Amino acid sequence: MILLLGGEKGGSGKSCLAQNLAVWIQARGGDVLLLDADPQGTTADWAAERAEGNLPPIPVVQAHGNIRQTLLDLRNRYRQIVVDAGGADSEALRSAMTVATHMLIPFRPKRRDLKTLPNVENLARLALAVNPELTIRAVITQCPALPSQVQRILDAKDACKSFGIEALNAITTARNVYDDADENGCSVLESGADPRAIEEIEALATELWRDFRWA
């Protein structure tokens, strides 16, 4: 299983999701590797913080440019790979789409994020022509928690669907615990500071993979 977190807009929580989902997989007996293909190195920095604590280690490597062959080699050594490709239409993103089994594209329910949908749709179409087994889903992230803002979330999901990219039912909301966990090299699953954040990651992962066996 190769999960690719990517898209054209930065700031939507790709690194955060990559880290939390990697921890979720490991907790279920997975043999997971994180590959940081984002030049900002956010996930590599998270791993360095994690190494200083008493948390279960998760191997992390960095790679940039054409990472297709790197992923082909790594999948012979790890059962699960989570790729943080960052928020740009990059060579790393395009090459990873040719070998990934799953791609998750985070969008905030904001116009500037959703404006990238035409380009993302084109990327998805090109990737599926080469890699027809790729499962592509959107996820709406950093959503406002106010009930009055529910329509914005529904509209964002509809926008994704109109471009042929199905959005998950699960969402994440704007919670400080995600940033706090990142800075401490852990996940919201491990911090235990916000049960609602844990529920969000659990729901997202369960919907994405359903009955997949990790061990």
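Derivation of every value follows stated rules applied to the coordinates shown; laboratory data play no part. In this text, all values refer to a predicted model and were calculated from it rather than measured experimentally. Because the Cβ atoms are built from the backbone with ideal geometry, glycine has one as well, and the counts that use them run over all protein chains shown.
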Compactness of the stretch 24-94 - radius of gyration and Dmax, Cα, Å = 12.4, 36
Anisotropy class of the stretch 1-51 from Cα gyration tensor, a/c 1.5 cut | oblate
In nanometres, what is the gap between the two model label sites at S148 and A203, each 7 Å from Cα along Cα-to-Cβ?
-> 2.2 nm
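How large is the Kirkwood hydrodynamic radius of the stretch 85-200, in angstrom, based on all distinct alpha carbon pairs?
Value: 15.4 Å, from the Cα pair sum.
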Quick one: check the C-alpha center-to-center distance for the stretch 185-209 versus the stretch 110-148, whole angstrom.
-> 21 Å
Report Rg/Rh for the chain, rounded to two decimals, where Rg is the Cα radius of gyration and Rh the Kirkwood radius.
-> 0.93
Quick calc: nm separation of the 7 Å Cα→Cβ label points for N66 and D89 -> 2.0 nm
For K115, which aspartates and glutamates qualify as cross-link partners when the Cα separation must be under 20 Å and same-chain residues fewer than eight apart are set aside?
-> E8, D89, D155, D158, E166
Go ahead and run the numbers for FRET between D179 and W214, Cβ-Cβ distance against an R0 of 25 Å, rounding to 0.05.
-> 0.40
Helix by helix through the chain, keep the DSSP H runs that span 15 Å or more along the axis on Cα and average at least 0.5 on Kyte-Doolittle, and give those back in order.
-> 14-27, 117-130
Which value in nm describes the separation of the simple spin-label points at N122 and N54, placed 7 Å from the Cα toward the beta carbon?
-> 5.3 nm
Calculate, in nm to one decimal, what D158 and R111 gain on full extension: separation in residues at 0.36 nm each, minus their alpha carbon distance.
-> 15.6 nm
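Give, rounded to the nearest 20 debye, the magnitude of the charge dipole that the chain has about its Cα centre when Lys and Arg contribute +1 at Cβ and Asp and Glu contribute -1 at Cβ.
The dipole of the chain has a size of about 680 debye.
Any idea what the relative contact order of the stretch 76-215 is, in percent, if you count C-alpha pairs under 8 Å spaced at least 6 apart?
Once normalised by length, the contact order is 20 percent.
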